[in-house]
C-alpha cells in the first residue's frame, strides 16, 4: 500500500539511470505479477543497470515522495516496412493505487518526448488483450490498435 495518496503532491517523474536499477527491478517484479508472466530476480537489476548505462534501455521512474510507484521503459528499434526508426514502449506500469490520476499520461509524454528527440515518428507497443484499463487508457491517448499475435522464441 502506498504511503501517500496518489492525489497528493510529492509526485516526481524522472529518467532512470544505472543506480536506479534496483527500484526498477522491484517494479518489474510487480508488473510481471500483474500481467501473470514469469519473473526471475536473479541478476535482473544488474542487467537493467547495464542496459541503462549502455543507452540500450530508456526508462523513467515515478515516485510519490521516496517510494517508486511506476515506470515506463523503451528501446530504439527500426521498422523495415516503414524504413524508419521507432521507439518501442516495452513497459508502462503504475502500482494500482497510483492509477487514474494522470500519471500514466505524464509517463507517455516523457516517452513521446524521447521518441521525438531521437527522430522517431512513432511509438509502438502491445498490451495483454485482457487488460481493459490499459486499452481504454491507450485509446484515450489517440493510439491506433493493430491486431497481431505476439510470439517469443527462446534462443
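The values are calculated or read from the model by the stated rules, or taken from the named source; none is laboratory data. Keep in mind that this is a model prediction, so the values were computed, not measured. Cβ sites come from the backbone with ideal geometry, for glycine too, and all protein chains shown count toward neighbours.
Return a yes/no flag: does region 121-143 have any residue that is surrounded by 10 or more Cβ atoms within 10 Å (Cβ to Cβ), closer than 19 Å to residue 15 by Cβ, touching a residue at least 40 places away in the same chain (Cβ under 8 Å) and in contact with a strand residue (DSSP E or B) (Cβ under 8 Å, 6 or more places away or on another chain).
yes
If only one of 59, 15, 29, 21 is under 17 Å from the mean Cα position of the chain (by Cα) and under 23 Å from residue 130 (Cβ atoms), which one is it?
Only one candidate qualifies: 29.
In region 35-54, what count of residues is obtained for those that are touching a strand residue (DSSP E or B) at 6+ places or on another chain (Cβ under 9 Å) and without any contact (Cβ under 8 Å) to a residue 60 or more places away in the chain?
The number of residues fulfilling the criteria is 3.
Could you check region 119-144 and list, in sequence order, the residues that are more than 14 Å from the chain's Cα centre (by Cα), within 23 Å of residue 84 (Cβ to Cβ) and not in a loop (DSSP other than H, G, I, E, B)?
141
Out of region 1-13, which residues are modelled with pLDDT under 50 and either in contact with a strand residue (DSSP E or B) (Cβ under 7 Å, 6 or more places away or on another chain) or surrounded by 15 or more Cβ atoms within 10 Å (Cβ to Cβ) (or both)?
2, 3, 4, 6
Residues checked against (1) closer than 22 Å to residue 12 by Cα; (2) in a loop (DSSP other than H, G, I, E, B); (3) in contact with a helix residue (DSSP H, G or I) (Cβ under 7 Å, 6 or more places away or on another chain):
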site	(1), (2), (3)
53	yes, no, yes
62	yes, no, yes
101	yes, yes, no
148	no, yes, no
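Out of 83, 16, report the one residue that is on the phi > 0 side of the Ramachandran plot and either touching a helix residue (DSSP H, G or I) at 6+ places or on another chain (Cβ under 7 Å) or loosely packed, with under 13 Cβ neighbours inside 10 Å (or both).
Among 83, 16, only 83 is on the phi > 0 side of the Ramachandran plot and either touching a helix residue (DSSP H, G or I) at 6+ places or on another chain (Cβ under 7 Å) or loosely packed, with under 13 Cβ neighbours inside 10 Å (or both).
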